[in-house]
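Student: This is the structure I have questions about; it appears just below.
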Amino acid sequence: MEIDIKVGDVTLRAELHDTPVAREVGTLLPLQTSFHTWGEEIYFEIPLSAELDDTAREEVEIGDLGYWPTGRAFCIFFGQTPMSTEDKIVPASAVNLIGQVKDDVKRLKSVVGADEILITPA
């Protein structure tokens, strides 16, 4: 499922994977909410409770979309987190991989001070 992620004046196209958790996230769209940042990660709570699955990772790539069961949160990774090393992006704890940003996700660095994020079906 293709989605649009809008933060401030940046809109990015992304794709949700065809996994049970990603499909559940897709049913929640559109989502419009405030968000938090943790290093170069945007995250926000969503009304979904799911466990780690076979996509779960303790290291992610730039542009990965994740679901963080610990915080019931949707995560967008666009660079280093406080737990990252030079060559690895490390979430606070394991996340299920639910999608991938197709556009230049590093553009989010310019809008981390925005008030809201909007995620809609494309």
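Student: Return the label of the correct value of Cα extents along the principal axes in Å, as calculated from the structure shown, out of [x] 41, 39, 27; [y] 57, 27, 17; [z] 35, 34, 22.
Tutor: Computing Cα extents along the principal axes in Å and matching it to [x] 41, 39, 27; [y] 57, 27, 17; [z] 35, 34, 22 gives [z].
Student: Working with all protein chains in place, sort 9, 53, 104, 64 by solvent-accessible area computed with a 1.4 Å probe, largest first.
Tutor: 9, 104, 53, 64
Student: How would region 13-74 be classified by its alpha-carbon gyration tensor: rounded, prolate or oblate, with rounded meaning a/c under 1.5 and the a/b versus b/c comparison settling the rest?
Tutor: The shape class here is rounded.
Student: In addition: Using modelled backbone amide H atoms (1.01 Å from N, in-plane), which distant-in-sequence or interchain residues come within less than 5 Å of residue 46's amide H?
Tutor: Hits under the 5 Å cutoff: 73, 74.
Student: May I pose another question? Let me check something: with ligands and nucleic acids excluded, how do 44, 35 order by accessible area (1.4 Å probe), largest to smallest?
Tutor: If we order 44, 35 from most to least accessible, we get 35, 44.
Student: Let me ask another. Using the Karplus curve 6.51 cos²θ - 1.76 cosθ + 1.60 with θ = phi - 60°, what ³J(HN,Hα) values do you get for each residue of region 58-66, in whole Hz, with x for Gly and Pro?
Tutor: 9, 9, 10, 10, 4, x, 5, 9, x
Student: How fast does region 50-97 diffuse by Stokes-Einstein, in µm²/s, taking the Kirkwood radius from C-alpha pairs at 37 °C and 0.692 mPa s?
Tutor: 311
Student: Given a 1.4 Å probe and every protein chain left where it sits, what share in percent of the accessible area of region 7-122 is carbon and sulfur?
Tutor: Carbon and sulfur together cover 46 percent of it.
Student: Which value in deg cm²/dmol, rounded to the nearest 500, describes the helix-derived mean residue ellipticity at 222 nm for the chain, given -39,500 (n - 2.57) per DSSP H run of n ≥ 4 and division by the residue count?
Tutor: Calculated mean residue ellipticity at 222 nm is -2000 deg cm²/dmol.
Student: Here is a further query. With every protein chain present, what is the per residue accessible area of the chain (1.4 Å probe, Å²)?
Tutor: Counting only protein heavy atoms, the per-residue value for the chain is 51 Å².
Student: A follow-up question, please. For the chain, what's the relative contact order in percent, using C-alpha pairs closer than 8 Å and at least 6 residues apart?
Tutor: 39
The values are calculated or read from the model by the stated rules, or taken from the named source; none is laboratory data. In this text the structure is predicted, and so the values were computed from the model without any measurement. Just so you know, the surface numbers come from the protein's heavy atoms only, side chains and all, with ligands and any DNA or RNA stripped out. Shrake-Rupley method; radii C 1.70, N 1.55, O 1.52, S 1.80 Å.
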